[in-house]
1. Given R₀ = 30 Å, what would the calculated FRET efficiency be for LYS180 paired with ILE236, taking r from the Cβ atoms and rounding to 0.05?
2. Nearest 20 debye, what's the magnitude of the dipole of the chain about its Cα centre given +1 on Lys and Arg Cβ and -1 on Asp and Glu Cβ?
3. Sort ASP307, ASP121, ASP224 by Cβ crowding within 10 Å, fewest neighbours at the top.
4. Sort ARG174, ARG293, ARG239 so that the residue with the fewest other Cβ atoms within 10 Å of its own Cβ comes first and the one with the most comes last.
5. Running a GNM on the chain with Cα contacts under 10 Å, which residue among GLY53, GLY297, GLY171 ends up with the highest mean-square fluctuation?
6. Cross-link partners among lysines for LYS40, C-alpha distance below 29 Å, same-chain residues fewer than 8 apart left out?
7. Using helices alone, I'd like the mean residue ellipticity at 222 nm for the chain: each DSSP H run of four-plus residues gives -39500 (n - 2.57), total over residue count, nearest 500.
8. Residues with beta-carbon under 12 Å from that of GLY204, excluding GLY204: net charge, scoring Lys, Arg +1 and Asp, Glu -1?
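A short reminder: the numbers here are calculations on the coordinates, not readings from a lab. Here the structure is a predicted model, which means the values were calculated and not measured. Here the Cβ is made from the backbone with ideal geometry for all residues, glycine too, and neighbour counts use every protein chain on show.
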Amino acid sequence: MSKRSAVVALSTLVLVLAGCGGQLALSSQTADMKIGYVPKTLDQEFWVTTERGALAGGEKQNATVLVQAPTSELAVDQQIAIVENLMTQNIDALIVAPADSILMKPVLTRVSEEIPVILLDTDIPGWKGKTSYIGSDNLAAGVKAGEYIREELKGEGTVGLITGIPGSVPGDQREAGMRKGIEGTDIQVVQEIAADFDRLKSVGAMEDILQNNPNVDAVFATNDQMALGAIEALQIHGRDDALLVGVDGAVEATQAIIGGDMDASVAQNPYAMGKVGVEQAVAAVNGESVKPRSNTGLTLITQKNADSYLKVREDQLGSLLGVQN
């Protein structure tokens, strides 16, 4: 792929995100119904976008949405404490993106005995305590990425894989999907390194992959933050010709696609996740019918549709990007 210079970072958004982590964010509306929302963190665009969707959903449903998040996706103990704290505030329902599907289950089981629990983005397979799951089909996201790689490499070549937190359900499903997408071809995964969904760690992971496989043809990162980290290492090593694919459809990743530093991202719809999550929570509290699963969809972003997709994301994030809606 042809590449241009490194993508211009969204400094305004980064500053806002850095200031959000671990902070209590309350919606401005007042209402009788209170919904707690606990994302995995608020230091990444994806999770901030779910928050925006949740607050928009609360305004539409005339419900107060209380948002609080851990300082990082690895801070499981913080997330447990936040859930316990929200329960003291007499919330009527809880929406949560479990940082760890196993470690979060005991506290969520206790909560589910009192109020509806809506899982967002990350499911807990087989857990009967959930009222509903809202999110994308992460296996399908991986398949989309794998099929794109298969098409671009014409069925042969090598792939380096940068994965997230070991044991993460979404990450594992995306990896499995990507492998399924290249099945029956001569494309080989030559190395896999975990980078905890972290951009900085991904720079080192990409360095390691290039050290062992300097001629790797493609790289798949199971989220966009890691794909953006990989760009730095690829450019340092003069390998910006390698195919680079991520997952999430983040604003900066979309700009990197437009600029030629990245080839594709399988976009989720975090705004819809937050909004639908609140809608389902309110319905559950009111004793109305609730969908056991809501799939918010996927879109493959390439240079062909990146400009139009970026406009959608700017409309959703609005003032956080300095965009006047």
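1. On the way: r = 32 Å, r/R0 = 1.06.
Rounded to the nearest 0.05, the efficiency is 0.40.
2. Using Cβ point charges on Lys, Arg, Asp and Glu, the chain gives about 580 debye.
3. Values: ASP307 11, ASP121 25, ASP224 31.
With the sparsest Cβ surroundings first, the list reads ASP307, ASP121, ASP224.
4. Fewest-to-most ranking of ARG174, ARG293, ARG239: ARG293, ARG239, ARG174.
5. Checking each option, the largest mean-square fluctuation is seen for GLY297.
6. Leaving aside lysines fewer than 8 places away in the same chain, those within reach of LYS40 are LYS60, LYS105, LYS128, LYS130, LYS144, LYS180, LYS201, LYS275, LYS291, LYS311.
7. Calculated at 222 nm, the ellipticity per residue is -13500 deg cm²/dmol.
8. So the environment of GLY204 carries a net charge of -3.
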